[in-house]
Amino acid sequence: MNENKAPEVINQFTGEKWYYSDTVKEHFFHPRNLLWERPKNQNEFDAEGMVGSPACGDMMQMWMKVDRNTERVIDLKWKTFGCASAIAATSIYSVILTENGGMTLDDALKVKPQDVMKRLGGLPNRKIHCSVLADKAFQKTANDYFRKTGQNHRIVVEGARVVDPTLNITDKDIEEAVLEGAQTLDEVQKKLKVGIGASEEVKTDIESLVRFYSDKYYG
Amino acid sequence: MKNKNKIKVGKRVYLDHAAATPMDPRVFEAMEPFWVKNFGNAGGLYEEGRIAKEAVQKSREAIARLIFAKPEEIIFTSGGTEADNLAIFGTANFFKKGHIITSKFEHHAVLNPCLELEKRGFDVTYLEVGSEGIVNPEDFKKALRADTVLVSIMYANNEIGTIQPIAEIGKIIQNYRLQSANSRLIFHTDACQAAAYLDMNVNELGVDLMTVNGGKIYGPKGAGFLYKKSGVKITPMIFGGGQEMRMRSGTESAPLIVGMAKAFEIAALEREKESARLCELRDYFISELFQKITKIVLNGHDKKRLPNNVNVSILDIEGEALILFMDAHGVSFSTGSACTSESLDPSHVILALGKPYEFAHSSMRFTLGRSTNKEDLDYVLSELPKTVAWLRRVSPLELDPNAASMSHPEAFAGENLRVKAKSKSYK
């Protein structure tokens, strides 16, 4: 990762600082596939999923209808608590999955945060967090569908690996910290509010994870 | 389904005066001759220099008079942050070690220097501010120690506007100095937000150092000053030609200093009348907000707050989204939501009140100013409830307005974040 990169506010696609694209604005002011009324009965949708928390400032809930024969996503409704980019990212994500007759579940699960960002015309770096949430919400929704249709072998749970056993810090914690803008071991420590990396071995492991996630989301 | 968010364009209602104020035309006029015509260096012995020097000196005298200080006690700086840094690092560098007392919800220009000093070996006490956002003088008294070298408590909080008992703390310090062996401790207050509305008599307040910022009182940005009582010893931060009584080197910016003084004079002159006018508008705005919007919580004491400050948490929605929507409707204000901060951390001020994170994400600050009138507020009151209602339809949340701990801790489960809520630990 480039050491001289300016703080998180640069939009990696347009180079603009702290600015939303017209697509983001359009989907923020006029979100598509928003769920207006909560489902009255459990069978109205085939599956649902929720991620995030209001304490984090982002929370997303999704409801899905699936064509059981073709496994295409017929309908994907959502509600989001969060900033403009979180709302816009969920909106465009729901469009990507349902347009042109709908994606199959397998294809839908391959949609990456980067695809969402491209369709949005880019997001400022520190807002990439928001587009990651949409795909996590969908993974949970898909898992719910697999569970309900007895396809437990298709469920994907994001496994977490403990990297610092004394403090029980996992690779997911490091991922979160990087998504929130941490770029060094020191900054990760600040985000997690603990002094991680008791031994050199743990430190090296954490540093390589920081590099890995930085490349994944910002590289 | 299409929503009906018609975007109006036209008049703007600016309600972020705690962030920046428009420059008063009288200030602009006073500064004008010092850019092109009277450009001299105040250090010069010739006429151009004398003109600049006289302007700077007159400005220093004007400010000193208004805060009941001596002219040589006014150190002009580049603004509030520099004055705060000078106060804190200046004191710390003079004493080299010791104990510092501050509050949990200071401005970052005070908090971050304190955090840095902790790294350098200083011991720092961060006082609690209670659910109303006011430091308890009794807590303060208990925190005082024989090795306390610096006390830094803000006059009024920048986010929630709560007014701190500075004069009372000043008296406690005065007594402490007489009764203990520690007579050297220094009392600093950041008065950036208070300067336009509260009593600025440094003798009444009992402070040794006081920060004021021009950009918050209808003066120029990039101008401020630190009041430093005679005899109080601190180490300078900026070394050079020895300007500002050797406390802040660098050629004096005559236009900024003249503007700073003019703005301060106008503020002092209009303080009483403007405060009374804004208090009435503030209370009207708060009571109407509570009538028109459900699930809304006032942050900070309802009366012991600046006349221009309204800070509320509007639950179930997130600050940035509301701000962008209202911006499109011509209304400007700010939020304590993490989404708008560089660090992605939610407001430390709202958290210091003991409120859960989600209250910080949904906190909105409206700060009124000289141009604000009832029509402006009525316009906001007509647009805001509609926008809040819309964003609540978008949001999946249903928060409890009386919550003291985090909602939906279960949402964290499986995300591998350690969450403690309601005495349970979720994983």
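Per-structure values
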read-out: Hits in the range B:75-110 (condition: of a type in the set (V, I, T) and closer than 15 Å to B:G250 by Cβ); value: B:I75, B:T77
read-out: Members of the range A:88-116 found to be within 14 Å of chain B (Cβ to nearest Cβ) and either under 12 Å from the mean Cα position of the chain (by Cα) or modelled with pLDDT under 90 (or both), listed by number; value: A:A89, A:T90
read-out: Test for A:M59: is it away from every other protein chain (no Cβ under 14 Å), crowded, with 20+ Cβ neighbours inside 10 Å and closer than 30 Å to B:D400 by Cα; value: no
read-out: Residue within the range B:289-312 that is of a type in the set (F, W, Y), in contact with a Phe, Trp or Tyr (Cβ under 8 Å, 6 or more places away or on another chain), more than 20 Å from B:T21 (Cα to Cα) and in the same structural domain as B:P401 (by TED's automatic domain parsing) present; value: no
read-out: Enumeration of residues in the range B:276-304 that are in contact with a helix residue (DSSP H, G or I) (Cβ under 8 Å, 6 or more places away or on another chain) and either among the aliphatic types (A, V, I, L, M) or more than 20 Å from B:Y379 (Cβ to Cβ) (or both); value: B:L281, B:L289, B:I293, B:I296, B:V297, B:L298, B:N299, B:D302
read-out: Options A:F81, A:F28; residue that is within 8 Å of another protein chain (Cβ to nearest Cβ), more than 20 Å from B:D345 (Cα to Cα) and either surrounded by fewer than 21 Cβ atoms within 10 Å (Cβ to Cβ) or in contact (Cβ under 8 Å) with a residue 12 or more places away in the chain (or both); value: A:F28
read-out: Residue count, the range A:31-43 (criterion: touching a helix residue (DSSP H, G or I) at 6+ places or on another chain (Cβ under 7 Å) and either more than 8 Å from chain B (Cβ to nearest Cβ) or within 14 Å of A:G122 (Cα to Cα) (or both)); value: 2
read-out: Out of A:N33, A:N11, sole residue that is at pLDDT below 95, polar (S, T, N, Q) and surrounded by fewer than 21 Cβ atoms within 10 Å (Cβ to Cβ); value: A:N11
read-out: Tally of residues being over 15 Å from the mean Cα position of the chain (by Cα), without any contact (Cβ under 8 Å) to a residue 40 or more places away in the chain and either within 25 Å of B:A338 (Cα to Cα) or within 12 Å of another protein chain (Cβ to nearest Cβ) (or both) across the range A:134-173; value: 9
read-out: Output for the range B:33-49, where each listed residue is assigned to a helix (DSSP H, G or I) and surrounded by 14 or more Cβ atoms within 10 Å (Cβ to Cβ); value: B:P33, B:F34, B:E48, B:G49
read-out: Hits in the range A:120-167 (condition: modelled with pLDDT under 85 and touching a Lys or Arg at 6+ places or on another chain (Cβ under 6 Å)); value: A:A160
read-out: Single residue of B:G240, B:G214, B:G224 found to be at pLDDT 95 or above and surrounded by fewer than 24 Cβ atoms within 10 Å (Cβ to Cβ); value: B:G240
read-out: Flag if A:A86 is assigned by TED's automatic domain parsing to the domain that holds A:K148, within 30 Å of A:N125 (Cα to Cα) and free of Cβ contacts under 8 Å to residues at least 40 places away in the same chain; value: no
read-out: Residue match in the range B:17-31 (condition: more than 14 Å from chain A (Cβ to nearest Cβ), surrounded by 14 or more Cβ atoms within 10 Å (Cβ to Cβ) and over 25 Å from B:N308 (Cβ atoms)); value: no
read-out: Candidates B:F359, B:F333, B:F325, filtered to the one that is surrounded by 20 or more Cβ atoms within 10 Å (Cβ to Cβ) and away from chain A (no Cβ under 14 Å); value: B:F333
read-out: Helices (runs of 4 or more DSSP H) wholly inside the range A:124-219 containing at least 1 residues that are of a type in the set (D, E, K, R) and within 30 Å of A:R68 (Cβ to Cβ); value: A:128-148
read-out: Within the range B:157-216, tally of residues that are assigned to a strand (DSSP E or B) and among the hydroxyl-bearing types (S, T, Y); value: 3
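The values are calculated or read from the model by the stated rules, or taken from the named source; none is laboratory data. Just so it is clear, the structure is predicted and the values come from calculations on it, not from any experiment. Note that each Cβ is placed from the backbone with ideal geometry, even for glycine, and that neighbours are counted across all protein chains shown.
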